[in-house]
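Note sheet for the following structure.
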Amino acid sequence: MKIEAIKVFVCSPGRNFVTVKVMTDAGVYGLGDATVNGREMAVVTYLEEHVIPCLIGRDPSNIEDIWQYLYKGVYWRKGPINMAAIAAIDMALWDIKGKVAGLPVYQLLGGKSRKGVTLYAHANGESIADTLDKTQVLIEQGFKAIRLQSAIPGLKVTYGVLGDKKDYYELQGNRPLPPEEEWSTPKYFNSVVELFRAARERFGDEIQFVHDVHSRLTPIESAKLGKLLEEFNLLFLEDASMAENQDNFSIIRQHTTTPLAIGETYNTIWDCKDLIQNQLIDYIRVAATHAGGITALRRIADFSSIYNVKTAPHGAPDLSPICFAAHMHLNIWTPNFGIQEFVGFGNEQLKQIFKHEYSVKNGMAYMSEAPGLGIEFDEEAASQYPYKRSYLPVSRLEDGTLWNW
Ligand code: CS2
Ligand code: MG
């Protein structure tokens, strides 16, 4: 079997997604997600101009060799654009291999290690009360783990909070230039601890809570927050500090037992090796799309399993259902799986384009037994929603200093 052609599709059913389709001379094809939020066309060009020409004619069954060829062969290794391109090809090759074998990809990884995949959902509110009301709805839907993000009094906009937008797609999909958002750590500290105190008072100790700091604090600020939140027993505090400096987490770890999660902005095992082997974190959150695909995440999961670190793959609205499918196969197999972030299967347009049989019940996701990744991409439906440039916001402190969004 040989790779005959590779097509890249960009569609915008509310927000942009980059989808790769690898076609073989045997008529079997595979799908991959290459979406890098706010820089989608960089990946498209990288794939079309630099990656695809090297793959035509190769044997798609040689997944590992192709991964090594694309990773080491570029010389300029790592980075979000490069690794998203590799990831999409990798996911598609696993999809093909599963279809040829007549098996869902998880069977090729080692079979099921659990009945279903535990999810955590998002509760975002304009106030603490609104956030808790949204939490109540999710609990009634059966979720046992919920991420709480609440608007910060005194700030016009807060990360994760929808404001007047109806969903994440409306929030993320229409930013012709990067919107500027204000951040104030003091104002954040004035409300974040109260959020979790109120949540524990209202919901008791059974529900698991997570919180995403989104890299906005310095290590000692994160250490303070971790200590203040210890009494509320979070499942984890995510992106507690800037991810580039893995040493940040040595400082945080000395001061608090609140579990730490990081990884959505990492692109290779090298970005998180020290955190994992020094047990400075408890959950690694790398995403198949941003960290090199199934082949790469399998390696990171195995490495993490030696150091008591669980996987908690990133599952934001800017990762396509193809990435969710890849995560499902990894999550059902990974012995040290922790939890999967879940923001729903998307809006109605998304459901027209990406079709699958994954299901969610009582806060758990259940596998599709279809061969390969178990997801289909409707090119005709996708063509109804052409690419529309959109950016992530940038953040500034109240004095205008550019900060971490
Ligand atoms: C967030 C993401 O879900 C999360 O944990 O950090 O929504 C993140 O803001 C987006 O992926 C950025 O594109
Ligand atoms: Mg995050």
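The values are calculated or read from the model by the stated rules, or taken from the named source; none is laboratory data. On a predicted model such as this, the values are computed, not experimentally measured, just so you know. Cβ placement follows ideal geometry from the backbone for every residue including glycine, while neighbour counts extend to all protein chains displayed. The area values use the complete protein model at the heavy-atom level, side chains included, leaving out ligands, DNA and RNA. Shrake-Rupley method; radii C 1.70, N 1.55, O 1.52, S 1.80 Å.
Out of all the residues in the stretch 142-168, which are more than 16 Å from ligand 2 (Cβ to nearest atom), among the β-branched types (Val, Ile, Thr) and modelled with pLDDT of 95 or more? Ile152 - this is the single residue of the stretch 142-168 that is more than 16 Å from ligand 2 (Cβ to nearest atom), among the β-branched types (Val, Ile, Thr) and modelled with pLDDT of 95 or more. Scanning the stretch 17-32 for residues that are farther than 12 Å from Ile89 by Cβ and open to solvent by 10 Å² or more (accessible area, probe 1.4 Å) returns Met23, Asp25, Ala26, Gly27, Val28, Tyr29.
If you filter the stretch 314-359 down to residues that are among the β-branched types (Val, Ile, Thr) and farther than 27 Å from Leu260 by Cβ, you find that the one that is nearest to ligand 1 (Cβ to nearest atom) is Ile322. Within the stretch 283-299, the set of residues being open to solvent by 10 Å² or more (accessible area, probe 1.4 Å) and either in a strand (DSSP E or B) or in contact with a Lys or Arg (Cβ under 7 Å, 6 or more places away or on another chain) (or both) comprises just one member, Tyr283. Which ones in the stretch 240-267 are in a loop (DSSP other than H, G, I, E, B) and without any contact (Cβ under 8 Å) to a residue 40 or more places away in the chain? Ala240, Ala243, Glu244, Asn245, Gln246, Asp247, Thr256, Thr257, Thr258, Pro259, Tyr266, listed by residue number.
The residue that is most open to solvent (accessible area, probe 1.4 Å), counting only those in the stretch 204-214 that are in a loop (DSSP other than H, G, I, E, B) and within 16 Å of ligand 2 (Cβ to nearest atom), is His214.
Evaluate the following for Thr258: is it open to solvent by 30 Å² or more (accessible area, probe 1.4 Å) and closer than 22 Å to Arg216 by Cα? For Thr258, the condition - open to solvent by 30 Å² or more (accessible area, probe 1.4 Å) and closer than 22 Å to Arg216 by Cα - is not met.
Residues that are assigned to a helix (DSSP H, G or I), within 15 Å of Phe17 (Cα to Cα) and among the aromatic types (Phe, Trp, Tyr) within the stretch 306-350 comprise just one, Phe324.
Okay, residues lined up against (1) within 18 Å of the chain's Cα centre (by Cα); (2) more than 19 Å from Ser113 (Cβ to Cβ); (3) open to solvent by less than 10 Å² (accessible area, probe 1.4 Å):
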{"residue": "Thr311", "(1), (2), (3)": "yes, no, no"}
{"residue": "Ala316", "(1), (2), (3)": "yes, yes, no"}
{"residue": "Leu319", "(1), (2), (3)": "yes, yes, no"}
{"residue": "Pro335", "(1), (2), (3)": "no, no, no"}
{"residue": "Gln340", "(1), (2), (3)": "yes, no, yes"}
{"residue": "Phe345", "(1), (2), (3)": "yes, yes, no"}
{"residue": "Lys351", "(1), (2), (3)": "no, yes, no"}
{"residue": "Phe354", "(1), (2), (3)": "yes, yes, yes"}
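Would it be correct to say that Asn233 is more than 13 Å from ligand 2 (Cβ to nearest atom), within 24 Å of the chain's Cα centre (by Cα) and open to solvent by less than 40 Å² (accessible area, probe 1.4 Å)? Taking the combined requirement at face value, the residue does not satisfy it. Residues that are hydroxyl-bearing (Ser, Thr, Tyr) and more than 21 Å from the chain's Cα centre (by Cα) were ranked within the stretch 96-134; the one that is most open to solvent (accessible area, probe 1.4 Å) is Ser113.
Within the stretch 261-284, track down each residue that is within 15 Å of ligand 1 (Cβ to nearest atom) and β-branched (Val, Ile, Thr).
Ile262, Thr265, Ile281, Ile284
Take Asp302 and tell me if it is more than 16 Å from ligand 2 (Cβ to nearest atom) and open to solvent by 20 Å² or more (accessible area, probe 1.4 Å).
yes
The condition of being at pLDDT below 95, over 18 Å from Leu132 (Cα atoms), crowded, with 20+ Cβ neighbours inside 10 Å and within 16 Å of ligand 2 (Cβ to nearest atom) holds for only one of Leu225, Leu171, Leu217, that being Leu171. When we screen Leu103, Leu119, Leu55, Leu93 for residues that are farther than 30 Å from Met1 by Cβ and either touching a residue at least 40 places away in the same chain (Cβ under 8 Å) or among the β-branched types (Val, Ile, Thr) (or both), the only hit is Leu119.
Hey, any hits in the stretch 145-154 for a residue that's in contact with an Asp or Glu (Cβ under 9 Å, 6 or more places away or on another chain), surrounded by fewer than 20 Cβ atoms within 10 Å (Cβ to Cβ) and aliphatic (A, V, I, L, M)? Looking for residues that are in contact with an Asp or Glu (Cβ under 9 Å, 6 or more places away or on another chain), surrounded by fewer than 20 Cβ atoms within 10 Å (Cβ to Cβ) and aliphatic (A, V, I, L, M), one finds none in the stretch 145-154, hence no.
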